[in-house]
Amino acid sequence: MKLEPFKTAVVTLDLQKGILVMGDGYESIIPNASKIVGLARKKNYQLIHVGLGFSEGHPEVADLDTQFLKAKQNNLFVKGSPSAEFHGAIAQPGDLIIYKQRIGAFSENHLNLTLRARGIENLVLFGISTSGIVLATVTRAFDLDFKITIIHDACLDADAEVHRVLTEKIFPKRGTVVTTDAFVSEQE
């Protein structure tokens, strides 16, 4: 299905330097992600990068034993810091960046408002990790009545079996799951 440019947003999920170094092989999805981002620029799709971004001192993080406490203790993902930067093959100066302080892309930020204000109906999603931000975002986007496309070979999870189950069994119930090449050829 060919998507209408002014009703479509390509949303990259957690493709930040601080996340890419956390897992073996995470950088392997960058070429596919970069292809989709290039297509978005060419076709004038709205391009949005969503990732972790905390204020200095991490006031958004409670002193509870959560995965966010490690970020606070190590002063990671502070807005403007190297760990919060998006990969250079993905983001360019002037791109729209929306920060979140929890797992899902819609978590306590203005992503939904931004999409609605721009008349977006279709979301193209990919990123790290499949069982984290991608799953949470697909679920919320589905509940918000967006039409969703997931680029499965531009997503990655530390657990390959979890990635397979999500992309083959769960995500197809919420949207369309395609490869990078299939998506690009369909949109050209």
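Numerical summary
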{"read-out": "Scope the range 111-129; condition within 15 Å of residue 96 (Cβ to Cβ) and hydroxyl-bearing (Ser, Thr, Tyr); matching residues", "value": "114"}
{"read-out": "Check on residue 76, in contact (Cβ under 8 Å) with a residue 24 or more places away in the chain and within 14 Å of the chain's Cα centre (by Cα)", "value": "no"}
{"read-out": "Residue list for the range 42-60, restricted to those being of a type in the set (Val, Ile, Thr) and either without any contact (Cβ under 8 Å) to a residue 12 or more places away in the chain or closer than 15 Å to residue 150 by Cβ (or both)", "value": "50"}
{"read-out": "Tally, over the range 9-41, of residues that are in a helix (DSSP H, G or I), without any contact (Cβ under 8 Å) to a residue 60 or more places away in the chain, touching a strand residue (DSSP E or B) at 6+ places or on another chain (Cβ under 9 Å) and not charged (D, E, K, R)", "value": "1"}
{"read-out": "Residue, farthest from residue 143 (Cα to Cα), within the range 89-113, restricted to residues that are of a type in the set (Gly, Ala, Ser) and surrounded by 15 or more Cβ atoms within 10 Å (Cβ to Cβ)", "value": "89"}
{"read-out": "Residue count, the range 145-171 (criterion: surrounded by fewer than 17 Cβ atoms within 10 Å (Cβ to Cβ), in contact (Cβ under 8 Å) with a residue 24 or more places away in the chain and either basic (Lys, Arg) or closer than 15 Å to residue 28 by Cα (or both))", "value": "2"}
{"read-out": "One residue from 132, 175 being of a type in the set (Gly, Ala, Ser) and under 23 Å from residue 90 (Cα atoms)", "value": "132"}
{"read-out": "Residue 123 vs. criteria surrounded by 22 or more Cβ atoms within 10 Å (Cβ to Cβ) and in contact (Cβ under 8 Å) with a residue 24 or more places away in the chain", "value": "yes"}
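Bear in mind that the values in this text are calculations on the coordinates, not laboratory data. On a predicted model such as this, the values are computed, not experimentally measured, just so you know. Glycine gets a Cβ as well: all are built from the backbone with ideal geometry, and neighbour counts include every protein chain shown.
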